[in-house]
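Participant: Take a look at the following structure, please.
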């Protein structure tokens, strides 16, 4: 996602330190302390974009704490503004690169990971950059609590097929596979992203929900 630079973005981020973190090292192992209800589950979206998904999830599930990671300043500022305008206390943002989450969180600190319409990186030489590649899955396995899900959505058939293979090869357990999410029973509880709303008419949305098999 490329967004034109917004001059108001950095000052807005600076003005809302209670909602957004720019120094993640300080909070490793203590992310839940940033929320009024720290005993609630902590769910993570990697690549939160303009924030529609995570903000709507926070509205729908006030009993869950949500943390969105995004690297682009102008984009995360728009997500932050949505949360502030809605006065949501169960949402936080992390302004950093989502690479290798085991550098940002302790073991078992995260109770779900959402990967929504990630960059497919279609060229073979860029495989390691895909958020469902083995090195990223290994990183997720270190921070997710037992049986915590990874929920993956994409409209890219190639990335979906690749991801199913890597999930299987890494020994993950499949909880759901949808080849056309919007025409499936699972769509009842589906919260859409901005991208999903705009481009779903062009073809099916694929979804996989998986978790690590800690018994092996």
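Read-outs throughout are calculated quantities, based only on the coordinates presented, and are distinct from any laboratory measurement. The shown structure was predicted, so the numbers you read here are calculated from the model rather than taken from an experiment. Cβ: placed from backbone, ideal geometry, glycine included. Neighbour counts: every protein chain shown.
Participant: Label region 79-216 by shape, choosing from rounded, prolate and oblate, from the square roots a ≥ b ≥ c of the eigenvalues of the Cα gyration tensor; if a/c is under 1.5 it is rounded, and otherwise prolate applies when a/b is larger than b/c, oblate when it is not.
Facilitator: rounded
Participant: So if R0 is 22 Å, what FRET efficiency would residue 175 and residue 37 give, r being the distance between their Cβ atoms, rounded to the nearest 0.05?
Facilitator: 0.25
Participant: Compute the long axis of helix 73-85 from its Cα atoms, compare it with the longest principal axis of the Cα atoms of the chain, and write down the angle in degrees, 0 to 90, nearest 10.
Facilitator: 70 degrees
Participant: Here's another thing I want to ask about it. Would you please give the FRET efficiency between residue 145 and residue 186, computed as 1/(1 + (r/R0)^6) with r the Cβ-Cβ distance and R0 = 35 Å, to the nearest 0.05?
Facilitator: 0.95
Participant: Another question, if that's okay. For the chain, what does the helix formula give at 222 nm: sum of -39500 (n - 2.57) over DSSP H segments with n ≥ 4, over the residue count, nearest 500 deg cm²/dmol?
Facilitator: -7500 deg cm²/dmol
Participant: How high is the FRET efficiency between residue 123 and residue 99 when r is their beta carbon distance and R₀ equals 25 Å, given to the nearest 0.05?
Facilitator: 0.85
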